[in-house]
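A.B. asks: Mind having a look at this structure? Questions to follow.
The values are calculated or read from the model by the stated rules, or taken from the named source; none is laboratory data. Just so you know, these numbers come straight off a predicted model, no measurement behind them. Ideal geometry is used to build each Cβ from the backbone, glycine not excepted, and the neighbour counts take in all protein chains shown. In case anyone asks, the SASA skips ligands and DNA or RNA and just uses the protein heavy atoms, side chains included. Shrake-Rupley method; radii C 1.70, N 1.55, O 1.52, S 1.80 Å.
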Amino acid sequence: MSDKPVNLDDGGGAAVKRRAVNRGEMTRMQWTLREMKVNKVGYLMVAPFFVLFTIFTIFPVLLSIILSLTVFNLVEFPTFVFLDNYIRLLFDDDIFLKAITNTLVFAAVTGPVSYMLSFMMAWFINELSPKMRAFVTLIFYAPSISGQVYLIWQVLFHSDQYGYANSILLRFNFIQEPILWFQDANYVMNLCIVVALWLSLSTSFLAFIAGLQTVDRTYYEAGAVDGIRNRWQELWYVTLPLMKNQLMFGAVMTITGSFGFGVVVTALAGFPSIDYAAHTIMHHLDDYGGMRFEMGYASAIATLLFFMMMGANLIVKRLLSKVGT
Amino acid sequence: MAKLRIKKGTHALNRSLGGDIAINTILIIFGAFMFIPMFYAIIQSLKPLDELWVFPPRFFVINPTMKNYGDLFRLMSTSWVPFSRYIFNTVLISVFGTFGNLMLASLSAYALKKVKFPGSKALFAIITYALMFNATVTTITNFLTMSALGWVDTYLAVMVPAMCTPLGLYLMGQFIDSTIPDSVIESSRLDGAGEFKTYWYIAMPMVKPAWLTLIIFSFQGLWNMGASIFIQSEQLKTFSYAIGQILAGGIVRAGAGAASTVIMMVVPITVFVISQANIIETMASSGMKD
């Protein structure tokens with residue numbers, strides 16, 4: 001062996017030399033620069049994705065934070081108004097208050113419920129035979145990937161007696177007149193939540209199924225030896241701690257999904273929905289950004305939505321990190 | 001000592017009969033809730049017109065017919081923009097968007113996880129945070145960007161943003177991290193292969209399940225994409241949008257509408273059935289560390 005730290009430089013290229021840096025002889029800065037130089041191909045490899053990602057995701061978020069402090073109608077140059085848009089949103093815009101309430105109700109109901117459903121169902125089907133499990137997974141997952149199939153709920157809850165729900169209720173004399181369902185401010189929100197739940201067994205559901213599959217059987221056997229007596233204890237003491245990372249990923253996907261639930265409402269209840277009963281922040285955003293072109297105001301809405309989503313995610317992430325500890 | 005129940009030759013740990021019954025009951029009830037609307041969508045498409053508008057509505061069909069599908073194709077051939085154009089648009093956007101997403105995301109994921117240059121951890125963290133909000137937030141400002149680039153009303157406006165979705169990079173990165181040992185990459189480098197060669201010939205063949213997952217997620221999103229604010233001209237709109245127009249056609253088109261919904265859902269479901277095992281394998285490494 002030579003007395004130099006590592007020397008692999010016989011016949012190899014730059015790639016071979018890359019770990020031959022002796023860190024002890026350099027300052028942190030020098031070492032970082034050296035590492036950057038040696039690994040410059042890495043920057044080249046991430047460049048295509050991250051350039052596009054910066055243009056279409058990072059930059060828009062920053063731009064909307066800046067524009068939210070201005071009045072901008074797409075024609076004239078934006079004029080700076082500081083927090084006026086936010087003040088108008090929170091104190092002068094009754095429809096926005098309705099939108100923010102609805103969005104929070106949507107998120108607070110569909111988020112946790114769909115998260116629990118995804119996990120419970122994944123856990124329940126985990127013990128089925130592989131063929132059966134694949135079949136049940138398909139049944140549960142299919143609605144979320146099937147495009148506009150959710151419009152079938154409009155047929156089931158049609159506003160005249162041809163709708164399935166109305167015809168049953170009429171036949172058993174629960175009601176005398178057909179209920180308008182999606183056109184009735186009393187029902188539209190609840191129905192949309194039901195449809196949202198129907199559509200919600202998606203990415204996190206698959207992540208949970210996969211996570212449960214990877215838990216090693218020996219942990220369960222060891223748990224049984226240590227005195228775990230039923231499946232609930234097994235779930236709490238063995239399975240959940242082992243699945244922590246999956247739970248975290250599932251939570252992020254579910255929360256993000258539960259805040260972005262606007263397209264389906266538009267398709268089912270129309271835009272604007274009756275009395276704004278199912279109006280969400282996303283609708284408000286579309287209204288000001290896509291129709292009235294009040295870009296500053298729309299940016300303020302988008303910025304608030306951004307911080308709501310991030311906030312909810314970060315809080316839940318912190319809570320989940322306590323699972324099994 | 002825990003009680004071990006013997007079930008079909010394997011030890012069923014901690015499983016009570018009552019629990020099994022309760023779980024299966026819940027599964028059946030919930031399965032019905034999930035399945036009945038899907039089933040009803042299919043049944044609707046097979047009903048002749050007189051059965052579609054019968055009172056009380058039926059959950060079954062007496063004289064199943066394919067007439068609705070025939071009507072759908074007739075409607076398609078009489079539409080102002082030929083229907084083949086909508087299908088072409090959807091296929092074009094789906095194929096290029098998906099392919100671009102796969103290439104860019106896997107190349108970046110490889111570099112972030114295996115080249116490990118200064119800053120790679122921070123970049124992956126940014127991607128993780130980007131999962132925490134969705135495209136609603138960026139739509140308005142992206143419209144400004146698209147206008148500035150002159151991309152409004154072009155395929156690029158929908159294809160290019162789809163290529164850089166964070167979920168694809170995140171899943172690919174986690175999968176590479178958990179399935180490819182560093183030693184494999186090291187030995188490829190020792191053999192004199194550059195990073196691009198190692199990425200393409202060593203790493204990529206080892207992460208085929210993740211490719212498929214990326215392809216399917218990306219494809220599903222693009223296939224189901226309806227109207228977009230970036231696209232105004234009718235010639236550039238998608239199949240999903242056109243289907244929505246038929247569905248909005250009301251009573252006369254109820255049959256054709258039901259048929260079109262079934263066609264819309266058959267494609268992603270078929271793709272999922274084929275690739276389910278691979279997707280589950282990829283999702284096993286999706287976990288997020290805190």
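A.B. asks: Accessible surface of B:D177 in the full protein assembly, 1.4 angstrom probe, to the nearest 10 Å²?
C.D. replies: 70 Å²
A.B. asks: Can I ask one more? For region B:216-290 and region B:49-107, compute the distance between their C-alpha centroids and round to whole Å.
C.D. replies: Here the answer is 10 Å between Cα centres.
A.B. asks: Could you work out how far helix A:94-125 tilts from the main Cα principal axis of chain A, as a 0 to 90 degree angle to the nearest 10?
C.D. replies: Orientation of helix A:94-125: about 70 degrees from the principal axis.
A.B. asks: Can you sort A:L74, B:L107, A:L44 by 1.4 Å-probe accessible area, starting with the largest?
C.D. replies: Result of the area sort, largest leading: A:L44, A:L74, B:L107.
A.B. asks: How big is the charge dipole of chain A about its Cα centre, in debye rounded to the nearest 20, if each Lys and Arg gets +1 on its Cβ and each Asp and Glu gets -1 on its Cβ?
C.D. replies: Computed about the Cα centre, the dipole is about 1420 debye.
A.B. asks: Further question: Accessible area lost on pairing A with B, both sides, 1.4 Å probe, Å² to nearest 100?
C.D. replies: The summed interface area works out to 9200 Å².
A.B. asks: Quick one: Karplus J couplings for region A:147-163, per residue in order, coefficients 6.51, -1.76, 1.60, θ = phi - 60°, nearest Hz, x for Gly and Pro?
C.D. replies: Whole-Hz 3J(HN,Hα) from phi for region A:147-163: x, 8, 5, 4, 5, 4, 5, 5, 6, 4, 10, 5, 7, 10, 6, 6, x.
A.B. asks: Could I ask something else about it? Rounded to two decimals, what is the ratio between the C-alpha radius of gyration of chain B and 2.2 N^0.38 Å?
C.D. replies: Here the answer is 1.28, to two decimals.
A.B. asks: Can you grab the distance from the C-alpha centre of region A:145-163 to the C-alpha centre of region A:108-137, Å, no decimals?
C.D. replies: If you average the Cα positions of each part, the centres end up 24 Å apart.
A.B. asks: Could you please put A:F182, A:F80 in sequence from largest to smallest accessible area, using a 1.4 Å probe?
C.D. replies: A:F80, A:F182
A.B. asks: Here's another thing I want to ask about it. Modelled label-to-label distance, A:E177 and B:S77, 7 Å Cα→beta-carbon offset: nm?
C.D. replies: The two pseudo-label positions are separated by 4.7 nm.
A.B. asks: Over region B:83-132, with every protein chain in place, what whole percent of the accessible area is carbon and sulfur at 1.4 Å, could you tell me?
C.D. replies: Heavy-atom surface of region B:83-132 belonging to carbon and sulfur, 1.4 Å probe: 79 percent.
A.B. asks: Let me ask something else. If ligands, DNA and RNA are left out, what is the accessible area of A:T218 with a 1.4 Å probe, given in Å² to the nearest 10?
C.D. replies: 80 Å²
A.B. asks: Sticking with this structure for a sec: Counting only residues 5 or more places away or on other chains, whose amide H sits under 5 Å from the amide H of A:T70 once H atoms are built in the peptide plane?
C.D. replies: Here A:V81 satisfy the definition.
A.B. asks: In whole Hz and in residue order, list the ³J(HN,Hα) couplings for region B:54-63 that follow from phi through the Karplus curve 6.51 cos²θ - 1.76 cosθ + 1.60, θ = phi - 60°; x for Gly and Pro.
C.D. replies: Listing the rounded values in order: 10, 10, x, x, 10, 8, 9, 10, 8, 10 Hz.
A.B. asks: Give, rounded to the nearest 20 debye, the magnitude of the charge dipole that the protein assembly as shown has about its Cα centre when Lys and Arg contribute +1 at Cβ and Asp and Glu contribute -1 at Cβ.
C.D. replies: In total the dipole reaches around 1800 debye.
A.B. asks: Please give the calculated 222 nm ellipticity per residue for chain A, where each DSSP H segment of at least 4 residues contributes -39500 (n - 2.57) and the sum is spread over every residue; nearest 500 deg cm²/dmol?
C.D. replies: The helix contribution divided over chain A gives -18000 deg cm²/dmol.
A.B. asks: What does the average come to when, for each residue of peptide B:122-134, you count the partner chain Cβ atoms lying within 10 Å of its Cβ?
C.D. replies: 6
A.B. asks: Give me a single rounded figure for B:30-39: the average over its residues of other chain Cβ atoms within 10 Å of their Cβ.
C.D. replies: 6
A.B. asks: Still on this structure, I have one more. Can you give the accessible area of A:L69, probe radius 1.4 Å, in Å² rounded to 10?
C.D. replies: Accessible area of A:L69: about 40 Å².
A.B. asks: Take the alpha carbon gyration tensor of region B:82-226, find the square roots of its eigenvalues, order them as a ≥ b ≥ c, and report rounded if a/c is under 1.5; if not, report prolate when a/b exceeds b/c, else oblate.
C.D. replies: Taking the square roots of the gyration eigenvalues as a ≥ b ≥ c, region B:82-226 is prolate.
A.B. asks: According to the Cα gyration tensor, what semi-axes, each the square root of 5 times an eigenvalue, does the equivalent ellipsoid of the protein assembly as shown have, listed from largest to smallest in whole Å?
C.D. replies: So the equivalent ellipsoid measures 43, 34, 25 Å along its semi-axes.
A.B. asks: List, by residue number, every residue in region B:43-64 with a reduction of 30 Å² or greater in accessible area between the chain on its own and the complete protein assembly, 1.4 Å probe.
C.D. replies: B:W53, B:F55, B:P56, B:P57, B:F59
A.B. asks: Put A:F50, A:F91 in order of accessible area, largest first, 1.4 Å probe: what do you get?
C.D. replies: These residues rank, largest area first, as A:F91, A:F50.
A.B. asks: Farthest toward the dipole's positive end in the protein assembly as shown, which of B:T98, B:F272, A:S64, given Cβ charges of +1 (Lys, Arg) and -1 (Asp, Glu) about the Cα centre?
C.D. replies: The Cα lying farthest towards the positive end belongs to B:F272.
A.B. asks: Tell me, what ³J(HN,Hα) does each residue in region B:74-91 have, in order and in whole Hz, if you take phi through Karplus 6.51 cos²θ - 1.76 cosθ + 1.60 with θ = phi - 60° and put x for Gly and Pro?
C.D. replies: Rounded to whole hertz, the list is 5, 4, 4, 6, 9, 5, 5, 8, x, 5, 4, 5, 4, 5, 4, 4, 4, 5.
A.B. asks: What's the ranking of B:81-92, A:251-262, A:149-160 by average number of surrounding C-beta atoms within 10 Å, highest first?
C.D. replies: A:251-262, A:149-160, B:81-92
A.B. asks: Measuring with a 1.4 Å probe in the full set of protein chains, what accessible area per residue, in whole Å², belongs to the protein assembly as shown?
C.D. replies: With the other protein chains kept in place, the protein assembly as shown gives 46 Å² per residue.
A.B. asks: Quick one: with all protein chains in place, what share of the accessible area of region A:17-172 is carbon or sulfur, to the nearest percent (1.4 Å probe)?
C.D. replies: 70 percent
A.B. asks: How much of the accessible area of region B:15-72, probe 1.4 Å, is carbon plus sulfur, in whole percent?
C.D. replies: 78 percent
A.B. asks: So what's the convex hull volume per residue for the Cα atoms of chain A, in Å³?
C.D. replies: 264 Å³
A.B. asks: Also: Can you flag which of A:K40/B:K289; B:K121/B:K289; A:K322/B:K113; B:K116/B:K208; A:K40/B:K121; A:K40/B:K197 are past 18 Å Cα-Cα?
C.D. replies: A:K40/B:K289; A:K322/B:K113; B:K116/B:K208
A.B. asks: Residue by residue through B:14-21, how many Cβ atoms from other chains fall within 10 Å of the Cβ on average?
C.D. replies: For this peptide, the per-residue mean of nearby foreign Cβ atoms is 3.
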